[in-house]
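All of the numbers you see were taken from the coordinates with simple rules; none came from a lab. Quick caveat, the model's predicted, so the values are computed rather than measured. Backbone-built Cβ (ideal geometry, glycine too); neighbour counts: all protein chains shown.
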């Protein structure tokens, strides 16, 4: 498997399947060859039977020795044939194992570099389907298609040669059912083609519905005990069943005819009918019917297998197309080798930065900002004003549509991702822990960190004591024996950032998500951690950031006001209005009842 | 194999029976038709074309019946597939919806997703693509064995004895591969779960990918999947070889027996009739072996399918929360806990110890306590997310276990931390609270939940799609939609987890307004965070380590100078915090 880059650079002339299979084509051809030769060998005993029968009915020169020799040769070729087929299958499966593994890794690598917006516009079920299920669908193509074709072609070619050598007229009429099979078969395939798209879409929908259903269970249980709330799941299931019926209905009739046509009964019946007729006409000796009766029905097996595999092949081609498209997804611009620059210092500048979301709506327009090293900058504004977008641009979840952001004088796009995230850490509102031990969760950004370093980070984040109290301490697994409250989750995510020790910290002030005890602990942790760093705080409550070095007031994607708390209050603008609305002075006194 | 399938199909099981009967009938008929080749070929080889032609008519008639029969088998097989894709998926969905919340761990969720999507798809393909050839492959040889007995009994005997030998070999190789197969499916489901996580937690994974740590776990999962896939490949290759060899040994035995018979004939003057019988017997043998080879080659597919069926069975076997036979409706808006103890699993420690509590209809109760003190568990017990290990929970004077799910759900509205939104519009998500709600009611609920400003900003207003899990909206916006959903439901009891519902200042305000409006109208139970909320409550319950340590009116508790007074102190400290560190220390 080449790197995604080279894959993307290849001309689009070749089909997605051949692109995807390129690295293992040689192995697959060898596997097909082995299977083909094997299939030929398994036919030898049948020819042996016909040969012995011919000899015994013809003249009396047949000796016991000759009979045993025929039996021995038959059994030996049978065994050799089976061995070769098995070897071919094994080879193909190993190639499949290899290619699917590489493809999965390549997609994961690719997707780790696409803009984050790619993920928000897609359901996680779709991503899983692409990496797991689509590639799994390729299995029938890589592991089975080539060997099956090899077996079928081997068996058919040898049988035809043998039969035509016996009697060409009889050979032609004996194999009549097989073109008939293909006739019905292609008709079935054509009929299903038009419904294929709907079928694949139905698959995607049901995957999403399942992800949603499973994650939405708390809601289902609280509203849908009446059975209504998992309606969308039910609908997706029903819709998929309908799509399935629509997809198969035109297939069934033709497929049944095709299958019935090459059933051994039908094939043998045909051979006997024409055999009897030819014998009656005097074209054929009765004994010459025997090879046809023995060999022709043997063609059904390989052909049927071929049919099953082609049935799956459509899905595999569709999957290969989706996999290839995924490997070609545009990624965030990476600095070319040699062009990478290391930031000098940790000053951050936004220079005429604009950003538009694809789906219109919110964005940022012409933002100019300087974050001096060691200072605190707070961003305030109504929800939807663009606060989170600003933070996400700095974290390079997206690139600005216009303008540039520099860290230590270097454009973010010129900094290698790993370097960037060593400089900029964040604690965002939405805390995501992954299904792994607490240790691994904290060490996410620095897997090589020692247990001591991790514990120190956890202490700084005020969560060490809680972790030690877990059944398996730091080795407890999140979601299994480590169940955290909202506030605790936040502290674990702070520990994660602490361990990374970045000079710049982006903070989404989300302490409201915690309970009273946690809140003090979180604030304490953040105070310690923030000391001496360049800090960008997304603030929801004005009183927490009133002492920041500069406060940026965003409105509708632009910087509306900028200055210190006192300056902004004096200006009597938007900030002053928000401050007055928040009623921050009195909130405490009000709440505490007198005894 | 059939048993789990029958369980899975439930009411649809006649479809399966019909299909199996038809397939067996078809296979018998094919076998019988095949045996007519004995007289046809016999007469032909003996030079009696007329006799052959007469018998041939019977063959042709059999063929015609087989053909129509085959078409019906095919249709019946598709019907089974549809029943699995529709009926069985619905059955799993209904079953899962009744499971206790504790079951929904990341692992089980991943497994469930795999079973419903991939698993059911694979099982649905079985009848049309696997069962038909396997049934015909297994039944047809039985008929041929009878014919072989008639032609030459030693060959018939070998063929008959071969069948149980092959059956044992198939069973054995299936048993061999089972564990590897299960391991593979487990690793596959694990990797799938990681992929969902990879997509959902992408922002965090990316930013913490300094040393490749962000993709490491997924890559490890993919690697494990590959390794167990490899093991499965070797394992199944072995099984395939074993099965095929057993069939070949049977074939070799038949050939040797035929050779012995032939050599016996060679000595004397050739008995033409006997030679013809021998040739016909050999032809029958090849018709006997071939379907068996087919069966052997399907063994692997059958085994992996039975792995899928086992996984479904495991999910269907999880006990749902029991529903009462004669459900009683709640009588009022009261809540009572009597000596409730609760553990999430039998081997885990109790998270609630012997809690007794009575909450009057229309009153407001604030639950206060450190994280992990059991507040969330207590509230979830009321909503019957799971059943208590000991003691009973009464809502409206009736034990929740004696109430139907719909009665309880109708009685309780929840504003919890799980503000999961379904794909669809904002209006669709609010309507979940009251399916029959008018557009005006939805708009009113949205306004009350503080969504007015957001709706004004969105061009499509209430019809704006929310994205999976509400991915296109901010946390606060999602939360407000969840609040609107709970408000429109209009239930007698409202449960609120304020700590997580109030994500930002605006939500905080919405929650405060909501509580103020509902106070006195509804029974309110609030996991309280804000001082203002606590002071609003009629009654405060302080939890610590799963026990109620204080309860009473705010004023009474303040004067008692216990844990509640301490809590107030902490709240005041938190309020004094400022982000600018220089000042923070000053203020503390």
- Query: Which of the peptides A:542-548, B:519-525, A:282-288 is most tightly packed, and how do the rest follow, going by the mean number of other Cβ atoms within 10 Å of each residue?
  - Reply: A:542-548, B:519-525, A:282-288
- Whole-angstrom gap from segment A:51-114 to segment B:1-38, using each part's C-alpha centre: 31 Å
- For the pair residue A:109 and residue B:347, how long in nm is the line joining their label points, each one 7 Å along Cα→Cβ? 4.0 nm
- Note on the structure: quick shape note, segment B:2-315: Cα extents on principal axes in Å, largest first -> 90, 40, 26
- Which whole-number percent of Cα pairs in segment B:335-552 have a distance greater than 25 Å? 39 percent
- So what is log10(I(q)/I(0)) for segment A:378-484 at q = 0.17, 0.24 1/Å, when the Debye sum runs over its Cα atoms only? -0.93, -1.25
- Task: Kindly express, to the nearest 10 degrees and within the range 0 to 90, the angle between helix B:13-35's C-alpha long axis and the longest C-alpha principal axis of chain B.
- Result: 10 degrees
- Could you order peptides B:169-180, B:531-542 by the average number of other Cβ atoms within 10 Å of their residues, highest first? B:531-542, B:169-180
- Item | Computed [θ] at 222 nm, helices only, for chain B once each DSSP H run of length n ≥ 4 contributes -39500 (n - 2.57) | -21000 deg cm²/dmol
- Quick one: of the DSSP bridges fully inside chain B, what percent are antiparallel, nearest 5? 50 percent
- Which distance in Å, rounded to a whole number, links the C-alpha centroids of segment A:259-277 and segment A:163-206? 18 Å
- Task: Can you grab the distance from the C-alpha centre of segment B:127-175 to the C-alpha centre of segment B:367-393, Å, no decimals?
- Result: 60 Å
- Go through B:35-41, A:145-151, B:322-328 and give me the packing order, highest mean Cβ count within 10 Å leading. A:145-151, B:35-41, B:322-328
- Item | 0 to 90° range, to nearest 10: angle between helix A:44-58 axis and chain A longest Cα axis | 10 degrees
- Apply the Kirkwood formula to segment A:20-100: the hydrodynamic radius equals the inverse of the mean of 1/r over all pairs of different alpha-carbon atoms; give it in Å with one decimal. 14.5 Å
- Query: Which value in deg cm²/dmol, rounded to the nearest 500, describes the helix-derived mean residue ellipticity at 222 nm for chain A, given -39,500 (n - 2.57) per DSSP H run of n ≥ 4 and division by the residue count?
  - Reply: -19000 deg cm²/dmol
- Note on the structure: Taking max minus min of the Cα coordinates of segment A:224-286 on each principal axis, largest first, gives extents in Å of 78, 18, 9
- Expressed as a whole number, the average count of other chain Cβ atoms within 10 Å around the Cβ atoms of A:109-118 is 3
- Query: Counting DSSP beta bridges in the protein assembly as shown, what percent are antiparallel, to the nearest 5?
  - Reply: 50 percent
- Task: Only bridges with both residues in chain A count here: give the DSSP antiparallel percent, nearest 5.
- Result: 50 percent
- Roughly how large, in nm² to one decimal, is the mean projection of the convex hull of the alpha-carbon atoms in segment A:18-167? 11.8 nm²
- Ratio of Rg to Rh over segment A:168-283 (Cα coordinates, Kirkwood Rh, two decimals): 1.36
- Cα-Cα pairs in the protein assembly as shown separated by more than 64 Å, as a whole percent of all pairs, come to 23 percent
- Cα atoms only, segment B:138-232: Rg and Dmax in Å? 25.1, 78
- Message: Which of rounded, prolate or oblate describes segment B:364-454 when judged by the alpha-carbon gyration tensor and an a/c cut-off of 1.5?
- Response: prolate
- Task: Evaluate Rg over Rh across segment A:261-410, taking Cα atoms for both radii and Kirkwood's formula for Rh.
- Result: 1.59
- Shielding by partners - mean other protein chain Cβ count within 10 Å, residues of B:244-254: 3
- Item | 0 to 90° range, to nearest 10: angle between helix B:563-575 axis and chain B longest Cα axis | 90 degrees
- Counting residues in segment A:348-582 as N, plug N into 2.2 N^0.38 Å and put the Cα Rg over that result. 1.04
- Message: Please compute, for the alpha-carbon atoms of chain B, the extent along each of the three principal axes and give them in descending order in Å.
- Response: 122, 53, 52
- Shielding score for B:401-410, defined as the mean number of other chain Cβ atoms within 10 Å: 3
- Query: Which value in nm describes the separation of the simple spin-label points at residue A:182 and residue B:463, placed 7 Å from the Cα toward the beta carbon?
  - Reply: 5.3 nm
